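The values are calculated or read from the model by the stated rules, or taken from the named source; none is laboratory data. Keep in mind that what you see is a predicted model, and the values were worked out from it rather than measured. Neighbour counts are summed over all protein chains in view; Cβ atoms, including those assigned to glycine, are modelled from backbone coordinates with ideal geometry.
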Amino acid sequence: MIRPVPSRRQAIADDLRHQISTGHFQAGERLPSEAQLAARYKVSTPTLRSALALLEGEGLVEKIHGSGNFVRHPLHRITYVGGAATSPIAPLQATVRTTIVQAHGHLPALLNIPPLSPVTEVLYITHEGKSPHSLARIYVPRDFAPADSSLPEELAARSTPLGPPLAEVQERLSARLPTQEEATTLRISTSLAILSLTRVTTDVTGRVVEAALLVLPGDRADALFTTSLMA
């Protein structure tokens with residue numbers, strides 16, 4: 001049986017992968033410049049970048065614009081379990097930014113409010129060390145969100161007593177490629193699949209009190225769903 005000859009980009013990716021796995025390039029180390037690597041492997045820059053994109057998709061290399069390509073530190077996987085993402089091994093840090101925006105695009109339909117209505121947007125990014133791990137945007141109608149809240153859990157816990165009890169949480173999970181903005185924020189390749197989860201919470205009156213849009217990179221995230229069956 002004749003084995004196919006690997007393409008140049010695959011051969012380059014295989015060689016760099018081997019150098020990473022054997023410790024020639026250490027975690028956190030900057031790889032030679034793209035021009036240097038292209039000259040070393042005697043290929044064009046686009047071919048070299050295509051090889052690096054394969055390693056980005058595997059989570060072995062991350063490209064930091066303006067700085068170069070770096071060997072990525074191994075990241076622990078997180079598991080999304082009905083409402084929260086957890087890491088059983090390493091605690092994740094988070095950065096949070098709260099702003100007031102006007103509902104546009106798909107938000108009016110998602111929140112069941114008129115277009116351009118003011119909503120509180122919470123941008124929530126988790127980190128493992130210096131590496132971004134997951135991204136969430138939480139939207140809450142202004143009359144539900146406490147003015148001084150900062151964390152998503154606080155939004156849910158502190159807004160609930162002000163209105164009717166919560167009745168339903170609906171979650172929709174899909175796999176897709178990230179947008180350029182998502183890839184840049186999470187420092188991942190645009191060719192790496194992500195888990196995209198939309199969570200909508202309603203109260204007993206049927207009013208939407210929160211909509212959350214979560215982005216979990218596929219190289220470090222799982223989703224767990226458990227159904228309890230009555231005997």
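Quick notes
- Among residues of region 10-22 that are without any contact (Cβ under 8 Å) to a residue 60 or more places away in the chain and assigned to a helix (DSSP H, G or I), those with a Cβ under 6 angstrom from a residue that is surrounded by 14 or more Cβ atoms within 10 Å (Cβ to Cβ) and not basic (Lys, Arg), sequence gap 6+ or separate chain, pair up as ILE12/TYR41; ILE12/ALA51; ALA13/ALA51; ALA13/LEU54; ALA13/LEU55; GLN19/PHE25; ILE20/LEU60; ILE20/VAL71.
- The requirement of being in contact (Cβ under 8 Å) with a residue 12 or more places away in the chain, over 30 Å from GLY23 (Cα atoms) and acidic (Asp, Glu) is fulfilled nowhere in region 59-81; no residue meets it.
- Scanning region 180-202 for residues that are buried (at least 17 other Cβ atoms within 10 Å of the Cβ) and in contact with a helix residue (DSSP H, G or I) (Cβ under 8 Å, 6 or more places away or on another chain) gives ILE188, SER189, LEU192, ILE194, VAL200, THR201.
- Residue ID - surrounded by the fewest Cβ atoms within 10 Å (Cβ to Cβ), chosen from residues in region 32-60 that are outside any helix (DSSP H, G or I) and more than 24 Å from the chain's Cα centre (by Cα): LYS42
- The set of residues in region 130-149 being touching a Ser or Thr at 6+ places or on another chain (Cβ under 9 Å), small (Gly, Ala, Ser) and modelled with pLDDT of 65 or more consists of SER134, ALA136.
- Residues of region 98-137 satisfying the condition of being in contact with a helix residue (DSSP H, G or I) (Cβ under 8 Å, 6 or more places away or on another chain) and polar (S, T, N, Q): SER117, THR120, SER134
- Only one of PRO152, PRO161 that is at pLDDT below 95 and buried (at least 19 other Cβ atoms within 10 Å of the Cβ): PRO152
- Which listed residue is surrounded by fewer than 14 Cβ atoms within 10 Å (Cβ to Cβ) and touching a residue at least 40 places away in the same chain (Cβ under 8 Å), from ARG142, ARG97: ARG142
To keep it simple, each residue is scored yes or no on (1) within 26 Å of ILE194 (Cα to Cα); (2) at pLDDT 90 or above; (3) in the same structural domain as ILE188 (by TED's automatic domain parsing).
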| residue | (1), (2), (3) |
| --- | --- |
| MET1 | no, no, no |
| LEU31 | yes, yes, no |
| LEU54 | yes, no, no |
| GLU62 | yes, no, no |
